[in-house]
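**Student:** Mind having a look at this structure? Questions to follow.
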Amino acid sequence: YRLLLENAQQLVPVCGRGEPFLRRDGAASLGVLRGASLVVGLDGCIKAVGQADVIRNQFSEATFERIIDCSGKCVLPGLVDAHTHPVWAGDRVHEFAMKLAGASYMEIHQAGGGIHFTVEHTRKATEDELFSTFQHRLERMLRAGSTLVECKSGYGLNLETELKMLRVIEHAKKSMDIGISSTYCGAHAVPKGKTAIEATDDIINNHLPKLKELKLRGEIHVNNIDVFCEKGVFDLESTRRILQAGKDIGLQINFHGDELHPMKSAELGAELGARAISHLEEVSDEGIVAMARAKCAAVLLPTTAYMLRLKQPQARKMLEEGVIVALGSDFNPNAYCFSMPMVMHLACVNTKMSMNEALAAATINAAYALGKSDTHGSLEVGKQGDLLIINSSRWEHLIYQFGGHEALINYVIVKGKVVYQNERCETMSSY
């Protein structure tokens, strides 16, 4: 066997019966085990989870490549970040100052800043330059506990640069330990010099057929399609056309909706069979009900609402209506946050989620939003052995300590392999 984790003070499976997601009632109890052990096989999948003495007897004859004593520590599933924009060049630190002085997101966007600023720099950057910065960002995400991350294109807005970004993501998929779900987001903004209808036609007639061809050739495998459905960007009809065309070539629908204005994006997503919709700060009551019915996940991004001083998404109302609520960092030049523990903390404080709900949202439900909850998001036999060991006797410290993950996360493990070990934890007493 590859790995034995022995005698954890707390082990948090999140799910226990193969649930593909947890709604509010399911998240109320995450079935914390005490004095528990876990075994990962050579195939990288979990072979056993249970009481330490039972596992000790069951595997008394077995050999392990690595044994980690988890006494006084907690074991949790690897975190899943369901929404990021991590491939780009040219930071926007100067815009942060403008926002603090009162400029709105759309004012900056219309002045040639925002997405257009990043597009300009990303178009000029070489593939190697983009890969190098992307790799560093993914490593930082991994150290903050994310073992599966959704990564979008969308700072090209022309076919050549979008493909450059998707090749960079493909390269990372093959060369790095972290799990990646890739998203084509060519409809992130309307390119300069084009109308929304022209941009929509270009995506449907040129971009998507090319993606289909590259997939058939085995060069680029994209998982999801995304559109920024927003007033002054892509309207409901353009959004519908692009998402449907993406669905027709086998992509999961996972898009930006109802962020700055109520657009009926949630209703559209439910109708099209979307896997997930992100943002939803301005979602309608009807949209919430439609998403609950359609089992369409809501990916909430509390960092973005916080940094842009927007209205917070209505997490409580969504949970009460039975929506599958997930979380993402929305890491991008406009919301520079790598850390899902900080996202969970903001979700609890600003959107009034409980710690259990936030953990479910950052594990099983985020995995569901990416169509990966059969393999990721919980510590169950048969799932991929992606997990965290934290240097604390209670798992809630991961959320409670705002910005404290750097001294808390002791090990990050992907497929039963230690991909990050934090030496600082060895010298600090558990707390």
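**Student:** May I ask you to give the percent of accessible area on segment 79-370 that is carbon plus sulfur, with a probe radius of 1.4 Å? Let's see the in-between values first.
**Tutor:** Values: 5250 of 10150 Å².
Carbon and sulfur together cover 52 percent of it.
**Student:** What does the charge count near K194 come to, summing +1 for each Lys or Arg and -1 for each Asp or Glu among other residues with Cβ under 12 Å from its Cβ?
**Tutor:** Numbers: positive: K192; negative: E198, D201, D202.
Surrounding charge for K194 is -2.
**Student:** From the residues A111, A82, L319, which one has its Cα farthest along the dipole of segment 79-370 in the positive direction, the dipole being from +1 and -1 charges on Cβ of Lys/Arg and Asp/Glu about the Cα centre?
**Tutor:** A82
**Student:** Can I ask one more? Using Cα atoms only, what is the angle between the long axis of helix 127-143 and the major principal axis of the chain, expressed in degrees (0 to 90) to the nearest 10?
**Tutor:** 40 degrees
**Student:** Quick one: helix 285-294 against the long Cα principal axis of the chain, what's the angle to the nearest 10°, folded into 0 to 90?
**Tutor:** 60 degrees
**Student:** Which net charge results for the neighbourhood of G102, defined as the other residues with beta-carbon distances under 15 angstrom from its beta-carbon, given Lys and Arg at +1 and Asp and Glu at -1? Could the numbers behind the result be given before it?
**Tutor:** On the way: positive: K99, R309; negative: E95, E107.
Neighbourhood net charge equals 0.
**Student:** Please state the charge dipole magnitude for segment 12-54, taken about the Cα centre, from unit charges on C-beta atoms (+1 on K and R, -1 on D and E), reported in debye and rounded to the nearest 20. Write down the numbers at each step before the final one.
**Tutor:** Values: 5 positive and 4 negative charges, 29 e Å.
Magnitude of the dipole: close to 140 debye.
**Student:** Okay, moving on. Ignoring everything but the protein chains, give the 1.4 Å probe accessible area of K174 in square angstrom, nearest 10.
**Tutor:** Accessible area of K174: about 150 Å².
**Student:** Hey, got the dipole for the chain? About the Cα centre, +1 on K and R Cβ, -1 on D and E Cβ, debye to the nearest 20?
**Tutor:** Working: 46 positive and 51 negative charges, 83 e Å.
The dipole magnitude comes to about 400 debye.
**Student:** For n ≥ 4 DSSP H runs only, could you compute -39500 (n - 2.57) per run for the chain, divide by its residues and tell me the 222 nm figure to the nearest 500?
**Tutor:** -10500 deg cm²/dmol
**Student:** Need one word for segment 68-221: rounded, prolate or oblate. Basis is the Cα gyration tensor (sqrt eigenvalues a ≥ b ≥ c); a/c below 1.5 gives rounded, then a/b vs b/c decides.
**Tutor:** Working: a/c = 2.26, a/b = 1.30, b/c = 1.73.
The shape class here is oblate.
**Student:** Turning to a different aspect of this structure: Just to confirm a number: summing +1 for Lys and Arg and -1 for Asp and Glu over residues other than S284 whose beta-carbon lies under 10 angstrom from that of S284, what do you get? Could the numbers behind the result be given before it?
**Tutor:** On the way: positive: K264; negative: D258, E267, E282, D285, E286.
Charge balance in the 10 Å sphere: -4.
**Student:** Using only alpha carbon pairs under 8 Å that are at least six residues apart, calculate the relative contact order of segment 13-103 and give it in whole percent.
**Tutor:** Details: 46 pairs, mean separation 16.8, N = 91.
Value for segment 13-103: 18 percent.
**Student:** Let me ask something else about it. Taking every DSSP beta bridge with both residues inside segment 79-370, roughly what % is antiparallel (nearest 5)?
**Tutor:** Antiparallel: roughly 5 percent of the beta bridges in segment 79-370.
**Student:** To the nearest 10 degrees, how steeply does helix 340-351 sit against the main Cα axis of the chain, on a 0 to 90 scale?
**Tutor:** 70 degrees
**Student:** So, one more: Name the residue from A266, A125, P191 whose Cα lies farthest towards the positive end of the charge dipole of segment 79-370, charges +1 on Cβ of Lys and Arg and -1 on Cβ of Asp and Glu.
**Tutor:** A125
**Student:** Also, I was wondering about something else. As I understand it, the dipole of the chain uses +1 on the Cβ of Lys and Arg and -1 on the Cβ of Asp and Glu, about the Cα centre. Which of M98, T304, L388 lies farthest toward its positive end?
**Tutor:** L388
**Student:** A further question on this structure: Mind ranking 306-318, 9-21 by how tightly packed they are, going by the mean number of other C-beta atoms within 10 angstrom, highest first? Mind dumping the intermediate values first?
**Tutor:** Values: 306-318: 17.9, 9-21: 19.9.
Sorting 306-318, 9-21 by mean packing, highest first, produces 9-21, 306-318.
**Student:** Ok, one more. For the chain, calculate the relative contact order in percent as a whole number, restricting contacts to Cα pairs under 8 Å that are 6 or more residues apart. Intermediate results must be reported in sequence, preceding the final value.
**Tutor:** Numbers: 1004 pairs, mean separation 93.2, N = 431.
Once divided by the residue count of the chain, the mean separation gives 22 percent.
**Student:** In whole Å, what are the Cα extents of segment 79-370 along the three principal axes, biggest one first?
**Tutor:** Between the extreme Cα coordinates on each principal axis of segment 79-370 lie 44, 41, 38 Å.
**Student:** Need one value: the accessible area of F234 in square angstrom, 1.4 angstrom probe, rounded to the nearest 10.
**Tutor:** 0 Å²
**Student:** Further, regarding this structure: Could you tell me whether segment 320-431 comes out rounded, prolate or oblate from its Cα gyration tensor? Rule is a ≥ b ≥ c as square roots of the eigenvalues, rounded for a/c under 1.5, then prolate if a/b exceeds b/c, otherwise oblate. Intermediate values should be presented prior to the final figure.
**Tutor:** Details: a/c = 1.63, a/b = 1.20, b/c = 1.36.
Oblate.
**Student:** May I ask you to give the solvent-accessible area per residue for segment 79-370, in square angstrom, as obtained with a 1.4 angstrom probe? Don't jump to the answer; show the numbers that get you there.
**Tutor:** Values: 10150 Å² over 292 residues.
It amounts to 35 Å² per residue over segment 79-370.
**Student:** Rounded to the nearest 0.05, what FRET efficiency do V289 and E107 have when you use their Cβ-Cβ distance and R0 = 51 Å? Walk me through the numbers on the way to the answer.
**Tutor:** Values: r = 33 Å, r/R0 = 0.66.
Working from the Cβ atoms, E equals 0.95.
The values are calculated or read from the model by the stated rules, or taken from the named source; none is laboratory data. No experiment lies behind these values; they were computed from the predicted model shown. We place every Cβ from the backbone using ideal geometry, glycine too, and count neighbours over all the protein chains shown. For the accessible areas, the whole protein counts, side chains as well, though only heavy atoms, and no ligand, DNA or RNA atoms are used. Shrake-Rupley method; radii C 1.70, N 1.55, O 1.52, S 1.80 Å.
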